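Okay, so here's the structure we're looking at.
The values are calculated or read from the model by the stated rules, or taken from the named source; none is laboratory data. Small disclaimer: the values here were computed from a predicted structure and weren't measured. Cβ sites come from the backbone with ideal geometry, for glycine too, and all protein chains shown count toward neighbours. SASA here: full protein model, heavy atoms, side chains in, ligands and nucleic acids out. Shrake-Rupley method; radii C 1.70, N 1.55, O 1.52, S 1.80 Å.
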Amino acid sequence: MRFDLTDLRLFLHVVEAGSITHGAERMRLAIAAASTRIRDMEATLGTPLLNRERQGVQPTEAGRTLLHHARVMLQQADRMREDLAEYAGGLRGQVRLMSNTNALTEFLPEALSAFLAAHPQVNIELEERLSDEIVAAVANGTADVGIVASTVEVAGLEVLPFRVDRFVLVVATNHPLAAAEQSAFADILDFDFVGLDRASALQRFLCEKAERIGRRLKLRVQLRSFDAICRLVECNVGIGVVPATTAERHSKTMSIRRIELTDEWAVRRLTICLRRQADLPLYARELVRHLAKDYPVEPQRQLSKLLAPRGGNSAARGKGTASHASAKRVT
């Protein structure tokens, strides 16, 4: 059996992409060359490695076995290259990082820019996913490192703290909800929303929360950033759910009000998950240490203030607003 590392890496990319075409693109190979390599691998083994279907490809039982060994061998090759790179003057490599929407938009840009500036020979392949999808990807080796909400089950993975934030509701200062201090998510679903693009992990999460109580989000417009959401909320196009850090930043320059969400899921403790630090290449371990080193990002007093709903007994006053009326319609 004579598979080289290019064969194994190609097979890995084909399976992860679910397509020989997309796998070839990731490897920067011509589709014909990639197909030939896969067929030669199957001929060498004497058994099919892929089930070829109209909607893509799936690994056979033999293909899944090869996939497991390919990941192990490629990780070992990366470790060898890393160890030798120290003698050649610097770390080289690529880290596959997956993140949920909150961490990706609010915390990672600054953290990653500092790391990449200090490690010019390391590249990061960053992808946005839902937290449970990220955990599965880290567990099966599709991703090296993930950043997820702490509420997701991460059995079998190593976990480190990353950041803490809270989702809040933002409304225009002249919106019917503007007098409320806090509200449950279920109580605001009669209002029009400004949200993120349908492909975003957070937007899928919010839609799922609404569907679980038999409702749908009334999305007027969908955008690509929390900043854009706040701008349209200010114009009274709709209301929006954004991280507290975003709301605090924009409330200083925009005519918007922040309203606390009382749902448990609104508090977002973000964690870093990985299989085992000891198994990661050195440059990936450096990234993990860099991401975890600044936790908590604020002094404890400020952090407690962020996590605690504002207003004390004002919650009762908030209940007397339009949010209470909508709650009656929901129930």
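Go through Ala210, Ala266 for me and flag whichever is in contact with a Lys or Arg (Cβ under 9 Å, 6 or more places away or on another chain) and closer than 15 Å to Asp192 by Cβ.
Details: Ala266 fails: closer than 15 Å to Asp192 by Cβ.
Matching residue, one of Ala210, Ala266: Ala210.
Conditions (1) free of Cβ contacts under 8 Å to residues at least 12 places away in the same chain; (2) of a type in the set (S, T, N, Q); (3) over 23 Å from Arg275 (Cβ atoms), marked per residue:
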{"residue": "Arg9", "(1), (2), (3)": "no, no, no"}
{"residue": "Val14", "(1), (2), (3)": "no, no, no"}
{"residue": "His22", "(1), (2), (3)": "yes, no, yes"}
{"residue": "Glu25", "(1), (2), (3)": "yes, no, yes"}
{"residue": "Ser35", "(1), (2), (3)": "no, yes, yes"}
{"residue": "Arg39", "(1), (2), (3)": "yes, no, yes"}
{"residue": "His68", "(1), (2), (3)": "yes, no, no"}
{"residue": "Gln75", "(1), (2), (3)": "no, yes, no"}
{"residue": "Arg81", "(1), (2), (3)": "no, no, no"}
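With the structure loaded, tell me whether Leu45 is on the phi < 0 side of the Ramachandran plot and either touching a residue at least 60 places away in the same chain (Cβ under 8 Å) or touching a Cys at 6+ places or on another chain (Cβ under 6 Å) (or both) or whether it fails that test.
Answer is no for this residue.
Can you pull out the residues in region 205-226 that are more than 15 Å from Phe185 (Cβ to Cβ), open to solvent by 50 Å² or more (accessible area, probe 1.4 Å) and not polar (S, T, N, Q)?
Within region 205-226, Arg220, Arg224 qualify.
Is it the case that some residue within region 96-117 is basic (Lys, Arg) and farther than 19 Å from Asp78 by Cβ?
Among the residues of region 96-117, not one is basic (Lys, Arg) and farther than 19 Å from Asp78 by Cβ, which makes the answer no.
Test Cys207 against the criterion of being closer than 16 Å to Trp265 by Cβ and of a type outside the set (S, T, N, Q), and give yes or no.
Taking the combined requirement at face value, the residue satisfies it.
Being open to solvent by less than 60 Å² (accessible area, probe 1.4 Å) and of a type in the set (Phe, Trp, Tyr) is the filter; apply it to region 265-318 and report the residue that is modelled with the highest pLDDT.
Checking each candidate, the answer is Trp265.
Does any residue of region 86-98 turn out to be of a type in the set (Asp, Glu) and touching a strand residue (DSSP E or B) at 6+ places or on another chain (Cβ under 8 Å)?
No, region 86-98 has no match at all.
In region 275-287, what residues are over 19 Å from Ala155 (Cα atoms), in contact with a helix residue (DSSP H, G or I) (Cβ under 7 Å, 6 or more places away or on another chain) and in contact (Cβ under 8 Å) with a residue 24 or more places away in the chain?
If the condition is that a residue be over 19 Å from Ala155 (Cα atoms), in contact with a helix residue (DSSP H, G or I) (Cβ under 7 Å, 6 or more places away or on another chain) and in contact (Cβ under 8 Å) with a residue 24 or more places away in the chain, then Pro281, Leu282, Tyr283, Leu287 are the ones that fit.
Is it the case that region 210-226 has a residue that's assigned to a loop (DSSP other than H, G, I, E, B), within 25 Å of Leu112 (Cα to Cα) and within 22 Å of the chain's Cα centre (by Cα)?
Yes, region 210-226 contains a residue that is assigned to a loop (DSSP other than H, G, I, E, B), within 25 Å of Leu112 (Cα to Cα) and within 22 Å of the chain's Cα centre (by Cα).
Condition first: open to solvent by less than 10 Å² (accessible area, probe 1.4 Å) and part of a helix (DSSP H, G or I). Now tell me which residues in region 227-264 satisfy that.
Ile229, Cys230, Val233, Ala244, Thr246, Ala247, listed by residue number.
What number of residues in region 220-263 are closer than 20 Å to Lys209 by Cβ and touching a residue at least 40 places away in the same chain (Cβ under 8 Å)?
18
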